[in-house]
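*Asks:* Pasting a structure here, questions to come.
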Amino acid sequence: MRGVSMTLTLIVLAGFYLATKDQPTADSAAPHHAELAKVVEQLPDRLVGTQGEWVVIDRPPVPPAAQQLLRPNALTARVLRNDVLGAQASFIVVQCRDSRDMAGHYPPNCYPAHGWKWQEAPGPSSSVQVALPGKTVTVPYQLYRFRQPGFPRERQIKIFSFFAIPGRGLVPDIGSVRKAAEDYRVRPYGAAQIQVIVDGSVEDAQAVAWFTDLMVASGELALALSRDPLLDNVPSGVE
């Protein structure tokens, strides 16, 4: 009887080994993260949109607490100005090696923790069509509205937020990131988040137009962050 139990145990262990031996690990995903770090770091200071250039006018420092929480593989935070449109926006890109590190980092968690209050509850997610050379990309997003009491006036912001998950494409919701964190095949390749922040006084239609233009201006960035590192296929949402 003992011999039978030992045999069954060995069979189970062998099956587990065969099922998992080719699954990605942190080490095997290292080249993927090195490449994405280059993509984010090499994002130029002048991004050409459909109407004029978005030029970096400031690079605000990232709080050490955020760095510690996210453990980012790549991160850039910049304030951009487009003189043709008379537009200004903050553009934040953060990419983590482990998708679990991203699971708690999204506007409903982060902004209230730093003194921002809800201006109104977020509505359903939406999307924009972004025309890139040779392709059209659907970029989903969730729009958040926050306010921060202050003197002499209250500050208001609109945040366009979405995530890029390798092999799963672009998604607007944190739920998709949490599912990716549960998948051992996806987890080592991490996840990324892009936020575009504009002044809350900007009309919604205009804010969406600015967000769309920034997605055009940043080119293949979102696609690079969501491309499947194993299959090298085109993520969903690309026509």
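Every read-out reported here was derived from the displayed coordinates using simple, explicitly stated rules and does not represent laboratory data. This structure is a prediction, so every number in the text was calculated from the model and none was measured. Cβ atoms come from the backbone with ideal geometry, glycine included; neighbour counts cover every protein chain shown.
*Asks:* Sorted from fewest to most neighbouring beta carbons within 10 Å, what does the list Ile57, Ile92 look like?
*Replies:* Ile57, Ile92
*Asks:* Another question, if that's okay. With the calculation restricted to Cα positions, what are the radius of gyration and Dmax of the stretch 24-121 in angstrom?
*Replies:* Expressed in Å, the Cα Rg and Dmax of the stretch 24-121 come to 15.9, 46.
*Asks:* Return P(r) of the stretch 136-198 (all Cα-Cα pairs; 10 Å bins starting at 0; whole %; ordered from short to long distances).
*Replies:* 20, 39, 24, 13, 4, 0
*Asks:* Going through the stretch 60-137, which trypsin sites (Lys or Arg not before Pro) have at most 15 other Cβ atoms within 10 Å and a DSSP loop state?
*Replies:* Answer by residue number: there is no such site.
*Asks:* So if I take the centroid of the Cα atoms in the stretch 62-104 and the same for the stretch 191-215, what is the distance between those two points in Å?
*Replies:* The distance from the Cα centre of the stretch 62-104 to that of the stretch 191-215 comes to 14 Å.
*Asks:* Ok, one more. May I ask you to list the aspartates and glutamates whose Cα is less than 18 Å away from that of Lys117, ignoring any residue fewer than eight positions away on the same chain?
*Replies:* Here the aspartates and glutamates satisfying the reach criterion relative to Lys117 are Glu154, Asp199.
*Asks:* A further question follows. Over 18 Å apart: what share of the alpha carbon pairs of the stretch 34-82 falls there, rounded to a whole percent?
*Replies:* When every Cα pair of the stretch 34-82 is considered, 43 percent fall beyond 18 Å.
*Asks:* Separate question: Run the dipole for the stretch 26-226 about the Cα centre, Lys and Arg Cβ at +1, Asp and Glu Cβ at -1, nothing else charged, and hand back the magnitude in debye, nearest 20.
*Replies:* In total the dipole reaches around 380 debye.
*Asks:* Working out 0.36 nm times the residue gap between Ser125 and Asp183, then minus their Cα-Cα distance, what length gain in nm do you get to one decimal?
*Replies:* Working it through step by step, the gained length comes to 18.5 nm.
*Asks:* Please give the direction-averaged projected area of the C-alpha convex hull for the stretch 26-226, in square nanometres with one decimal.
*Replies:* Result: a mean projected hull area of 11.3 nm².
*Asks:* Give me the tail of P(r) for the stretch 67-172 as a percent: Cα-Cα pairs with distance above 23 Å.
*Replies:* Percent of Cα pairs beyond 23 Å in the stretch 67-172: 38.
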